[in-house]
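Take a look at the structure below.
Read-outs throughout are calculated quantities, based only on the coordinates presented, and are distinct from any laboratory measurement. In this text the structure is predicted, and so the values were computed from the model without any measurement. A quick note on method: Cβ atoms are made from the backbone with ideal geometry, for glycine too, and the neighbour counts reach across all protein chains shown.
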Amino acid sequence: MKNAISLFLRTMIARAYPRIIGMRRQPSWVIHEAILPILSVAAFAYVYRAMKAPEEYVGFVILGGAMTAFWLNVLWSMGAQLYWERSSGNLEIYIMAPGSMMAVLAGMALGGMVLTFVRASVIMGVGILMFQVPFAPTSWSLLIGVFLLTLLALYGLGMMFASVFLLWGREAWHIVNLLQEPVFLMTGMNFPLKILPTAVASAAAIIPLTAGMDALRQLLFGVEGFWPVWIEALLLAGLSVLFIALAARLLAYLERLASKEGRLTVKWQ
Amino acid sequence: MGSMGTASAIRTENLSRSYRRPKKAKAADGSPAGDLIALDGVSLDIREGELFGLLGPNGAGKTTLIKILTTLLAPTGGRGWVDGLDVVTQAKLVRPRINMVSGGESCGYGVLNVRENLWLFAQIYGVSNAVARERIDRMLDVVGLADKASTKVSHLSTGQRQKMNFCRGFITDPKVLFLDEPTLGLDVNAARAIRKFVREWLAERPDRTLLLTTHYMSEADELCDRLAIIDHGKMLACDTPGALKKQVQEHPLFEIGIAPGEVPVKIAHLPGVHQATEHAGPTSMTLKVSLSEESAIGQVVQAIVEAKARILSLKKVEPTLEDVFIELVGHGIEDVAK
């Protein structure tokens, strides 16, 4: 048991390593991953200012900009990652190794979280400084707890995507594109969720960003949310368990199917 | 030859693998599609400590066999065991015991340097940092990559990446190692160093086993304790290189050098000729003729002279693995590769 846990942790940390170290070795990410998103955040912020919207709306946009970084990371660097790993020849090495594929996925998630946390912090920091957004967290511990739960659910979804996308092969690219923009709308990335019809907002609750951002806004700006924070926290915890369990099941199914059909050994399809 | 145990390190029993062709696809001869048979009832028994070679042209089924034994691919028939464990039902127990290196692989992360990549691949096998460091240093020395240890993989040449990949297979110290064309595309010195290391590695660890596939007959002859020749998914022969060569010794073998640009000579159907192959080199064409009886060489020479071709040399030669391969498969291994 001790050995199994040690192997899981070693595998997870090893797979997280290229992501984390890559940030230091490719500093150009600051331009396209932090500075460019700030421009789009600024555009929304100026629109709200011009409309004389409540000041916390600018804060919503900055928070949305930071969380967008996580969503894009989940889609592109988690969801599509196993597909790229297969193309580069790494996937069969991972499958053949004793370290579990769940540990590989957890490592991808950990690396992605650390990397994107730095990016999101830059967006938040610069946004807050630029627009002097007033925020007064009601509870730091609750804020951190909800944020971590949001990440857990979000990356759990990413782990699930990774398995499914591998099965779909080349179509994964189109599916990622299909998911990207509608989610910005459905989750109320740049506006209060309450504006959306109740049915749409409720349906969007399956995406962890929806409840996560709504709860974070309540805790950061003291505004009324779509649901109370505790319900959203519970929902996020439930989604985390659901997505991670589904990812494990799907991965096991996919591994069996791929081995049966020979898909793991086909680099491009 | 290393000291071999009596226990089976790898065993297969009627191992088969077929792929379903798409419905609209047709077979090569234009007939309606059936299943594509990649491996057809292969039975092998490789002993612990053995360096076993698989020889066969492209598409013969060598890689399919390795993929099954490394748990990446499920067989459609038969069974396979590695270190006594079933590769299908006990795949999770097989994996800590094995590793595989395929020539021409481009694995790894370009943003990491050579040492970091090897460390990563050691971690997924649970190798401790200290042991990994020690093995990585040794392996980088073996393949002559020590001076590139801190170079990002994205800056390596294809050959250097292949050397790194070769190191990856050994840093986990597997009980059974699968090397699929490990020296493919490497320069002569690197390939020689790798062959030398493979022998030393097995000598140091008599309980380790190595399954090697290669296109290079001399490599197979030099390294392997035993060889299996495989074609169209079927195993055609399995024995020591010496015993395999003895099988074709009953047919006297002659090598005839002919001046280039001469009229092609058709001798394969002459009486007394068992088999004939030709190889066009830059300065001459070489005919290799295997005869049913040695006296038939006279008719062969006469046929060449009558075809107005100029004989540059004629010598009786000892059979090589290439001749064994030609005898069994009907053509040279490179003929298919070409």
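Over 22 Å between C-alpha atoms is what I'm after, so list which of B:K92/B:K234; B:K175/B:K234; B:K163/B:K196; B:K196/B:K315; B:K92/B:K175 land there.
B:K92/B:K234; B:K175/B:K234; B:K196/B:K315
If the chain between B:E255 and B:Q302 were fully stretched, how many nm would it gain, using 0.36 nm times the residue separation less the Cα-Cα distance?
Details: separation 47, 0.36 × 47 = 16.92 nm, distance 1.50 nm.
Full extension of this stretch gives 15.4 nm more.
To the nearest 20 Debye, how big is the dipole of region B:83-127 about its Cα centre, given +1 on the beta carbon of each Lys and Arg and -1 on that of each Asp and Glu? Please report the intermediate quantities before stating the final value.
On the way: 4 positive and 4 negative charges, 20 e Å.
Result for region B:83-127 is approximately 100 debye, rounded to the nearest 20.
At a Förster radius of 45 Å, what calculated FRET efficiency corresponds to the Cβ-Cβ distance of B:V188 and A:A245, to the nearest 0.05?
The calculated FRET efficiency here is 0.25.
Nearest-5 percent of antiparallel DSSP beta bridges in the protein assembly as shown?
70 percent
Just checking the output field for A:19-29: average partner chain Cβ neighbours within 10 Å of each residue's Cβ?
Details: counts 2, 0, 5, 4, 1, 1, 5, 1, 0, 0, 0.
Partner-chain Cβ atoms within 10 Å, mean over residues of A:19-29: 2.
Calculate the radius of gyration of the Cα atoms of region B:8-240 to one decimal place, then report Dmax, the largest Cα-Cα distance, as a whole number, both in Å.
18.2, 59
So what is the relative contact order for region B:144-243, in percent, with contacts set as C-alpha pairs under 8 Å and at least six apart? Walk me through the numbers on the way to the answer.
Details: 73 pairs, mean separation 21.4, N = 100.
Computed value for region B:144-243: 21 percent relative contact order.
Against the globular-protein guess of 2.2 N^0.38 Å, express the Cα radius of gyration of region A:116-241 as a ratio, rounded to two decimals.
Ratio of Cα Rg to 2.2 N^0.38 Å: 1.12.
Show me the helices of chain B, taken as full DSSP H stretches, that run 20 Å or more along their long axis by Cα and average -0.5 or above in Kyte-Doolittle hydropathy. Walk me through the intermediate numbers first.
Working: long enough: B:129-143 (21 Å, -0.07); B:188-204 (24 Å, -0.12).
Helices meeting the span and hydropathy rule in chain B are B:129-143, B:188-204.
In whole Å, what is the distance between the alpha-carbon centres of region B:105-176 and region A:212-228?
49 Å
Dipole of the protein assembly as shown (Lys/Arg Cβ +1, Asp/Glu Cβ -1, origin at the Cα centre): which of B:L253, B:G281, B:M217 lies farthest to the positive side?
Checking the options against the dipole of the protein assembly as shown, the answer is B:M217.
Could you calculate the FRET efficiency of A:A50 with A:K194 from 1/(1 + (r/R0)^6), where r is the beta carbon distance between them and R0 is 25 Å, rounded to 0.05?
The calculated FRET efficiency here is 0.70.
Using a 7 Å offset from the Cα along the Cα-to-Cβ direction at both A:L185 and A:M130, what is the distance between the two label points in nm, to one decimal?
For A:L185 paired with A:M130, the spin-label model returns 2.5 nm.
What's the long-distance tail for the protein assembly as shown, i.e. % of Cα pairs beyond 31 Å?
Taking all Cα-Cα pairs of the protein assembly as shown, the fraction more than 31 Å apart is 60 percent.
Projecting each Cα onto the charge dipole of chain B (Lys/Arg +1, Asp/Glu -1 at the beta carbon, about the Cα centre), which of B:V42, B:I66, B:V188 comes out farthest on the positive side?
B:I66
Given the -39500 (n - 2.57) contribution per DSSP H run of 4+ residues, what per-residue ellipticity at 222 nm results for the protein assembly as shown, rounded to the nearest 500 deg cm²/dmol?
-16000 deg cm²/dmol
Points 7 angstrom from Cα along the Cβ direction at A:A43 and A:A252: gap in nanometres?
4.6 nm
Mind listing which trypsin sites (Lys or Arg not before Pro) in region A:33-87 are in a DSSP loop and have 16 or fewer other Cβ atoms within 10 Å?
Values: sites: A:R49, A:K52, A:R86; in loops: A:K52.
Those satisfying the criteria are A:K52.
Find the percent of Cα-Cα distances in chain A that exceed 33 Å, and round it to a whole number.
Across chain A, Cα pairs with separations above 33 Å total 23 percent.
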